[in-house]
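Notes for the one structure printed next.
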Amino acid sequence: MRKPLSVAMLSASLAILTVAAAQAEQVTFVSQGGAYQEAQTKAILEPTARLLGITVNQDSAPDAWPVIKTQTATGKPTWDVVDTPTKDCIRGGEQGMIEKLDFSQIPNAADLPTSYKTPYSVAYEFYSSVLAYNAKKYGDNPPKTWADFWDVKKFPGTRALRNHPLATLEAALLADGVPPDQIYPMDVDRAFKKLEEIKPYITTWWTSGAQSAQLLADGEVDMEMAWNGRVSAVAKEGAPIKFTYNEGMLQHTSLCILKGAPNLPTAIKFVNAAISAEIQANFPAHIDYGPGNPRAYETGKISPERTAEMPSAPDNAMKQVLVSVDWWSSSAGEEAMKRWASFIQK
């Protein structure tokens, strides 16, 4: 006859099962790959995995949107959490591909300003489209505004812009005198008219961050719009390149969860932990992009010197335009995207 389990043995068995269940928890996280994903692995993913006692599997996709559509169409996605442009989260949510977030289960989202979150996403990390320039060429009188960038007489030299309307249209409106707080809703006709003025002086319309950095490093352009992280990397390698956050375009990627995510409860816990101030404060130690949670700057983990270099630091954020994901996700934004192709091809 089999002996009944003692209370002690039963407790021990339950404890083992509980530990095993915790160890079995996992989530698949997706980002853009490269040095960026390597940095966030150290800054965010590994600390979050330790904190929650879970396994964080990784995948990468420079453009996650097509994969999100494909995976959710099957009804059995393999991804859980995606770091992607906020627009992907919004349109994915509206089309039934992204989970609507229950913020009662994500208490750390309370630290984020309303403009940093949507029903389908939370801000994850910030970067800026900034005005970068060759410090040797311009010396003590560098360009400081987009009006300066457009002023080819006062600031002669070769120029480059991104081959994309987002941030570029905003820069054109700033150059035309539109106050930063009146950029949206965007006067698209006015923006394109202003771009026509500078178009003959643009030697390169760059299509990747790597290309923009190379243009600066090789001295092929004297000034350009570029992402702050790319500019910082070139400067650290010894190139005489500087940039200003003044009139920068502050942008952020967001975290969202795929509809039907295979590890939904764990994914929600992961998102909450990953946007906590303590874990977000790790970002500046590994990459030149800023925490998505503003309270990260209050943790004491980021030095004043490093804070001054971050795009999302309060003083720097005040100088910039927060790119409106709502406007770019609207029908007007979609039309501006389509119009861009015609503008470039002319």
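Here are a few things to note about the model shown:
- Residue check for GLU334: assigned to a helix (DSSP H, G or I), modelled with pLDDT under 95 and out of contact with any Ser or Thr (no Cβ under 8 Å at 6 or more places or on another chain): yes
- Residue within the range 124-133 that is open to solvent by less than 40 Å² (accessible area, probe 1.4 Å), small (Gly, Ala, Ser), over 23 Å from the mean Cα position of the chain (by Cα) and within 28 Å of PHE243 (Cβ to Cβ) present: no
- Qualifying residue in the range 230-237 (condition: of a type outside the set (Gly, Ala, Ser), open to solvent by 40 Å² or more (accessible area, probe 1.4 Å) and within 30 Å of ILE183 (Cα to Cα)): yes
- Taking the numbered list (1) in a helix (DSSP H, G or I); (2) closer than 21 Å to LEU169 by Cα in turn, MET225 passes all entries but (1).
- Checked against the criterion of being among the charged types (D, E, K, R), surrounded by 15 or more Cβ atoms within 10 Å (Cβ to Cβ), modelled with pLDDT of 95 or more and under 35 Å from the mean Cα position of the chain (by Cα), the candidates GLU25, GLU46 yield just one match: GLU25.
- Residue count for the range 28-43, restricted to those that are hydrophobic (A, V, I, L, M, F, W, C) and either modelled with pLDDT of 95 or more or part of a loop (DSSP other than H, G, I, E, B) (or both): 3.
- Residue satisfying all of: in the range 139-178; out of contact with any Ser or Thr (no Cβ under 9 Å at 6 or more places or on another chain), outside any loop (DSSP other than H, G, I, E, B) and of a type in the set (Gly, Ala, Ser); most open to solvent (accessible area, probe 1.4 Å) among these: ALA147
- Within the range 81-133, restricting attention to residues that are among the acidic types (Asp, Glu) and assigned to a helix (DSSP H, G or I), the residue that is nearest to GLU170 (Cα to Cα) is ASP88.
- Of residues in the range 238-267 being of a type in the set (A, V, I, L, M, F, W, C), in contact with a strand residue (DSSP E or B) (Cβ under 8 Å, 6 or more places away or on another chain) and farther than 22 Å from ALA39 by Cα, the one surrounded by the fewest Cβ atoms within 10 Å (Cβ to Cβ): LEU264
- Residue that is farthest from ASP140 (Cα to Cα) [pool: residues in the range 221-265 that are modelled with pLDDT of 95 or more and among the basic types (Lys, Arg)]: LYS259
- Only one of the listed residues (GLU278, GLU305) is assigned to a helix (DSSP H, G or I), free of Cβ contacts under 8 Å to residues at least 24 places away in the same chain, under 21 Å from SER232 (Cα atoms) and open to solvent by 70 Å² or more (accessible area, probe 1.4 Å). That residue is GLU305.
- For beta carbons closer than 7 Å, sequence separation of 6+ or different chains, a first residue in the range 88-115 that is over 21 Å from GLN280 (Cα atoms) and a second that is among the aromatic types (Phe, Trp, Tyr) and not in a helix (DSSP H, G or I), the qualifying pairs are ILE90/TYR120; GLY92/TYR120; GLY93/TYR120; ILE98/TYR120; LYS100/TYR120.
- Qualifying residues in the range 179-222 (those that are within 21 Å of GLU335 (Cα to Cα) and of a type in the set (Val, Ile, Thr)) - the one surrounded by the fewest Cβ atoms within 10 Å (Cβ to Cβ): THR207
- Scoring LYS136 on the criteria (1) open to solvent by 40 Å² or more (accessible area, probe 1.4 Å); (2) in a loop (DSSP other than H, G, I, E, B) leaves a single failure, condition (2).
The values are calculated or read from the model by the stated rules, or taken from the named source; none is laboratory data. Quantities reported herein were computed from a predicted structural model and do not represent experimental measurements. Neighbour counts are summed over all protein chains in view; Cβ atoms, including those assigned to glycine, are modelled from backbone coordinates with ideal geometry. All accessible areas refer to the heavy atoms of the entire protein, side chains included, with ligands and DNA or RNA removed. Shrake-Rupley method; radii C 1.70, N 1.55, O 1.52, S 1.80 Å.
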